[in-house]
Amino acid sequence: MAARVASTVAGKLAVAAGQPRTSLWQETARRFRRHRLAMVGSVILVALVLAVLVGPLVWRLPINDIDFKAKLKGPSWNHPLGTDDLGQDVLARMLYGGRISLAVGIAAMLIAISIGTAIGATSGFLGGAVDHTLMRITDMFLSLPGLPLLLLIVYLFRDSLRKMFGPEAGVFILIVAVIGGLRWMPVARLVRAQFLSLREKEFVESARSLGAPPIRQIVRHILPNSMGPVIVAGTIDVAAAIIAESTLSFLGLGFPPDIPTWGRILYDAKDNLDFAPHWAIFPGTAIFLTVLSINYIGDGLRDALDPRKVLGK
Amino acid sequence: MSKYVLRRILILLPVLAGISVVLFTILAMAPGDPFEELATNPNVPPEVRMNLRAKFGLDDPLPVRYVRWMVSMVRGDWGFSFVSRVDVDTLILQRLPATLAVLGSALVLAILIAVPIGTYSALRPYSIFDQVATTLAFIGFSLPTFFTGLLFILLFSIHLDWLPFIYRSDISATGWRWYWEHLRQAIMPVAVLGLFQAASMTRFMRAAVLDVIRLDYVNTARAKGLSESTTLIKHVVRNALIPVVTLVALQIPGIFGGAIVTEQIFRVPGIGSLLIASILANDTPVVMAVTFIFSCLVLASNLAADLLYAWLDPRISYR
């Protein structure tokens, strides 16, 4: 509703200034496109996502085709990114593993955002003792040591989840849940801060005086207007989750060897650095490029969604 | 001031209690039984197993077990490593100095890089220097530590053969040579960790200086004739550091994560590599204790950040 009001106002102002009408989202998109590096990042990220989605259909070498004659070979026409110590094609493994790496990032981000929004919204809307308790809990979670705890949980629960859901799904669920469950705190704080200021705003007050029940005030009026910083935090969270998963796999405690996520390939490659550097450099670069482009996209979104810049440009 | 310190410590206690509850809950929820081997051993009758469980209090209600666990954790009675047959606290005390040395040097390196570069970037925003620094910072915190570590080994150990890539604690040389060898093997782990921290710290510093530089008291300082360097160091940087300390304190848990990875890559004999080794060897007492130590280290650095605030902004301790 407020978004609509704002867009009509913006539209009218634009008409008054003799410019074509633009909606709020078009305006945001326009500002995002002006951020050159964010655009470059988007292009690279889209290319990577397309590569892992379509790639395995085009590059049809199996990921576990063992060929000892071709082991630890550098890039060639048959194997554009070389082969590993079993002669398996690194490109095929990276395309397949990239799906898992990216899926972990997105799924963990969704969990983090859902928990964070729920806690932040409850805290900011109710206030008082609930707010105080939830924020103390958030502070406590912020001082938990992330990676050691992640390692501890994976260590303790890996086997039973594997038994329950099978080796792949079990590890996936565990890793996604734990990474997401340890990263919701910044989102909760952002959402709470937004709620604290928005719930006193006139448009929420008018909704309240028109008899909107609390849940409608939250879902229809406050939440859509507090999403800007959450989108930015969510973008950065995807990168952080990808790094967390790669770190786990790199330490040998993430996915099993038959699921070659980028971190897992690096783990396998690290002991052969001296004679097969390509094996480590390609997956490492894939992680780096993904994270870098996501970070730039996050930066662009932050500029584009920052309401203080609306009037400036 | 001492009242302020006391208050900060008192605030930390409930956090520590909360963290210990989380750790204990994870441990208690975890499947598996410490006497599992006995259960499958036909020579051990079930009554013996039951007696053992009762003796170690495994069947007591959860709160009782939590209190007992917490008391022994606080008293430093962390049990016995299954693998190395040593008390866990001895093991950790052996490993802790290496971790703290690497972490501390990396932090110093990060500050030495980030504060000057961030400040200079903010003094000339959008200049060539600023753009190069910003780009490098973005690259720096997008490069995961495990990949930087591998790239460093590839470049400095394998290609150039300048630095050793395995950290040794048993260097036989004596005198200056001993120090030199230690320094040489510490360069790469410290650089990997320090550059990673420096990258985000530079961004924070730049933003903070940009916020401060236009404030009235900076103009006042200039107007009353202070030299540019005094204005910068005493008025701009000192005030800009306050938000930077907050942001760096929030990153501390992540920095410990980086430390684990770095120790693992360069085989630094610290508690991070101890954690990984114990996990791979199913050495639960050590895993629990190291996780607990990491939590304590995070809290200790939060406390240090609070004290740093009070020093940077004396008004804080009067509140």
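The values are calculated or read from the model by the stated rules, or taken from the named source; none is laboratory data. Here the structure is a predicted model, which is why all the values come from computation and not from measurement. FYI the Cβ positions are ideal-geometry reconstructions off the backbone, even for glycines, and counts take in every protein chain you see.
List of remarks:
- Residue within the stretch B:133-148 that is more than 13 Å from chain A (Cβ to nearest Cβ) and either in contact with a helix residue (DSSP H, G or I) (Cβ under 8 Å, 6 or more places away or on another chain) or surrounded by fewer than 19 Cβ atoms within 10 Å (Cβ to Cβ) (or both) present: yes
- Filtered residues of the stretch A:244-298 (kept if of a type in the set (D, E, K, R) and at pLDDT below 85): A:ASP258, A:ASP268, A:LYS270, A:ASP271, A:ASP274
- Within the stretch B:2-16, considering residues that are in contact (Cβ under 8 Å) with a residue 12 or more places away in the chain and within 20 Å of the chain's Cα centre (by Cα), the one surrounded by the fewest Cβ atoms within 10 Å (Cβ to Cβ): B:ILE9
- Meets criteria (at pLDDT 85 or above and either within 14 Å of another protein chain (Cβ to nearest Cβ) or part of a helix (DSSP H, G or I) (or both)) for A:ALA304: no
- Where helices (runs of 4 or more DSSP H) fall entirely within the stretch B:231-319, those with at least 3 residues that are in contact with a helix residue (DSSP H, G or I) (Cβ under 9 Å, 6 or more places away or on another chain) and closer than 27 Å to B:MET70 by Cβ are at B:238-266, B:271-280, B:284-312.
- Screening the stretch A:173-185 for residues that are surrounded by 21 or more Cβ atoms within 10 Å (Cβ to Cβ) and not aliphatic (A, V, I, L, M) and picking the one that is farthest from the other protein chains (Cβ to nearest Cβ) gives A:GLY180.
- Among the criteria (1) away from every other protein chain (no Cβ under 12 Å); (2) over 26 Å from A:LEU248 (Cβ atoms); (3) within 25 Å of the chain's Cα centre (by Cα); (4) not polar (S, T, N, Q), the one B:TRP178 does not fulfil is (3).
- Residue among A:SER123, A:SER101 that alone is more than 30 Å from B:ILE293 (Cβ to Cβ) and touching a Ser or Thr at 6+ places or on another chain (Cβ under 6 Å): A:SER101
- Scanning the stretch A:112-135 for residues that are surrounded by fewer than 21 Cβ atoms within 10 Å (Cβ to Cβ) and either within 20 Å of A:LEU248 (Cα to Cα) or within 12 Å of chain B (Cβ to nearest Cβ) (or both) yields a single hit, A:THR133.
- Test for A:TRP279: is it over 22 Å from the mean Cα position of the chain (by Cα) and surrounded by 20 or more Cβ atoms within 10 Å (Cβ to Cβ): yes
- Flag if B:ILE92 is in contact (Cβ under 8 Å) with a residue 40 or more places away in the chain, β-branched (Val, Ile, Thr) and in a loop (DSSP other than H, G, I, E, B): no
- When the helices (runs of 4 or more DSSP H) confined to the stretch A:1-65 are screened for residues that are modelled with pLDDT of 75 or more, touching a His at 6+ places or on another chain (Cβ under 9 Å) and surrounded by 12 or more Cβ atoms within 10 Å (Cβ to Cβ), none reaches at least 2 such residues.
- A single entry from B:LEU151, B:LEU160 fulfils the requirement of being more than 24 Å from A:LEU289 (Cα to Cα) and within 14 Å of chain A (Cβ to nearest Cβ): B:LEU160.
- Residues of the stretch A:252-266 satisfying the condition of being crowded, with 24+ Cβ neighbours inside 10 Å and either under 11 Å from the mean Cα position of the chain (by Cα) or within 11 Å of chain B (Cβ to nearest Cβ) (or both): A:TRP262, A:GLY263, A:LEU266
- Number of positions in the stretch A:136-164 that are of a type in the set (Phe, Trp, Tyr) and either over 24 Å from the mean Cα position of the chain (by Cα) or facing chain B (nearest Cβ under 7 Å) (or both): 2
Okay, residues lined up against (1) more than 9 Å from chain A (Cβ to nearest Cβ); (2) closer than 30 Å to B:ARG238 by Cβ:
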residue: B:ALA277; (1), (2): yes, no
residue: B:THR291; (1), (2): no, no
residue: B:PHE294; (1), (2): no, no
residue: B:LEU297; (1), (2): no, yes
residue: B:ASN302; (1), (2): no, yes
residue: B:TRP311; (1), (2): yes, yes
residue: B:ILE316; (1), (2): yes, yes
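- Search result, residues across the stretch B:101-128 that are loosely packed, with under 14 Cβ neighbours inside 10 Å and assigned to a helix (DSSP H, G or I): B:GLY104, B:VAL108, B:LEU112, B:PRO116, B:ILE128
- Residue match in the stretch A:155-172 (condition: crowded, with 23+ Cβ neighbours inside 10 Å and at pLDDT 85 or above): no
- Flag if A:PRO148 is within 26 Å of B:SER295 (Cβ to Cβ) and either touching a His at 6+ places or on another chain (Cβ under 9 Å) or not basic (Lys, Arg) (or both): yes
- Evaluated against (1) surrounded by 24 or more Cβ atoms within 10 Å (Cβ to Cβ); (2) within 8 Å of chain A (Cβ to nearest Cβ); (3) under 16 Å from the mean Cα position of the chain (by Cα), B:VAL287 falls short on exactly one condition, (3).
- Residue in the stretch A:213-227 that is assigned to a loop (DSSP other than H, G, I, E, B) and either basic (Lys, Arg) or at positive phi (or both) present: no
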